[in-house]
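Beneath this line is the structure, given in structure tokens, with notes to follow.
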Amino acid sequence: MMLAAMRKKPGLISLIVTTYEWPQALLRVLECLSRQRDDNFEIIVGDDGSGAATAEAIHQFQRSCHVPLRHSWQPHQGFRAAESRNRAVLSSRGDYLIFLDGDCLARADFLSAHRELAEPGWFVAGNRALLSQRFTARLLPSAEAVADWSARPLGGWLGARLRGDINRLTPMLHPPPGWQRKNRPREWRGAKTCNLAVWREDFLKIDGFDESYVGWGHEDADLAVRLIRSGILRKEGRFGASVLHLWHAAAARQELSSNEQRLAEVLAAQRTRAVLGISRERPAA
């Protein structure tokens with residue numbers, strides 16, 4: 001029984017891609033996902049209230065997308081990423097969830113790397129490399145440019161690092177066999193939902209994201225804390241399951257102090273379920 005559980009791998013994977021009013025970046029992200037070597041997945045765009053341009057971009061991409069692509073939309077009432085992700089999960093069908101931001105480019109082996117890392121009893125915290133403003137401006141207008149750079153060998157990325165186009169090279173590397181991915185099983189810090197994977201049943205067991213978090217910050221830390229407390233431990237997705245984060249101006253952080261207080265409260269408590277979780281939502285009609 002234990003050996004069978006260890007060998008369990010996901011069936012359909014649901015990629016939950018968050019977005020708000022940046023259709024050009026979203027299209028580049030979707031184009032990267034359409035080039036994945038593993039094609040047993042679906043895409044749900046969790047939209048925090050974007051306008052017609054984003055809806056049209058998604059509609060146009062659906063025509064050529066070879067995997068299911070759905071648009072989960074909610075009215076914009078401030079930064080509500082937690083609620084947007086919960087709603088998108090309710091529109092999804094996979095038994096494994098990968099959360100990805102709509103400004104993070106995935107290389108062609110991203111999904112297959114996450115599938116290989118998936119293991120019962122663990123969530124996977126991936127990482128990212130930040131692209132410069134100059135390099136982002138170069139990539140954004142062209143699907144071909146994104147495809148070219150995402151497939152570049154290490155030497156091409158070394159040049160980008162030396163020019164300052166990427167903030168670090170380590171996400172482009174592959175670890176040696178036997179590299180320890182379970183050396184920080186109870187560490188919640190640094191687990192970010194711009195690149196995080198979790199089994200659907202584990203996500204639902206803790207009632208998903210806590211929608212009390214409104215405004216930028218800490219809804220991902222809250223999720224990681226409650227997963228670990230419920231017995232689902234952290235596995236490192238660094239190197240194999242990395243993404244390229246497009247540059248953008250920093251988000252407004254006027255709600256950060258309130259969210260810091262919420263995180264402090266969950267750290268001091270013993271609960272595993274969200275205060276306002278996915279169970280309060282209903283699937284979109």
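Filter segment 156-167 down to the residues that are in a loop (DSSP other than H, G, I, E, B) and surrounded by 13 or more Cβ atoms within 10 Å (Cβ to Cβ) and list them by number. Full working, then the answer.
Taking segment 156-167 as the starting set, the residues that turn out to be in a loop (DSSP other than H, G, I, E, B) are 163-165, 167.
Scanning segment 156-167 gives D165, N167.
Just so you know, in segment 95-112 the residues that are more than 19 Å from R28 (Cβ to Cβ) and surrounded by fewer than 21 Cβ atoms within 10 Å (Cβ to Cβ) include one that is modelled with the lowest pLDDT, and it is S112. Under 8 Å between Cβ atoms, which residue pairs at least 6 apart in sequence (or on different chains) link something in segment 140-158 that is over 24 Å from W22 (Cα atoms) with a partner that is surrounded by fewer than 12 Cβ atoms within 10 Å (Cβ to Cβ)? As it stands, the answer is none, since no pair meets every condition given. Of all residue pairs spaced 6 or more apart or on separate chains, those with beta-carbon atoms under 7 Å, a first member in segment 113-137 that is over 15 Å from R200 (Cα atoms) and a second member that is among the polar types (S, T, N, Q) and surrounded by fewer than 19 Cβ atoms within 10 Å (Cβ to Cβ) are A129/N167; L130/N167.
The criterion of at least 3 residues that are under 15 Å from the mean Cα position of the chain (by Cα) and under 26 Å from W247 (Cα atoms) is met, among strands (runs of 3 or more DSSP E) falling completely within segment 1-102, by 13-19, 41-47, 96-101. The residue that is modelled with the lowest pLDDT, among those in segment 241-285 that are in a loop (DSSP other than H, G, I, E, B) and of a type in the set (D, E), is E255.
Yes or no: I16 in contact with a Phe, Trp or Tyr (Cβ under 7 Å, 6 or more places away or on another chain), among the β-branched types (V, I, T), buried (at least 21 other Cβ atoms within 10 Å of the Cβ) and within 25 Å of H218 (Cα to Cα)?
yes
Considering the conditions (1) over 23 Å from Q180 (Cβ atoms); (2) modelled with pLDDT of 90 or more; (3) part of a helix (DSSP H, G or I); (4) of a type in the set (A, V, I, L, M, F, W, C), V146 is excluded by exactly one of them, (2). Residues in segment 185-223 that are within 14 Å of G126 (Cβ to Cβ), assigned to a loop (DSSP other than H, G, I, E, B) and in contact with a Leu (Cβ under 9 Å, 6 or more places away or on another chain): A191, T193, C194.
The values are calculated or read from the model by the stated rules, or taken from the named source; none is laboratory data. What you are looking at is a predicted structure, and each value in this text was computed from that prediction instead of being measured. Here Cβ is always computed from backbone atoms with ideal geometry, including for glycine, and neighbour counts include all displayed protein chains.
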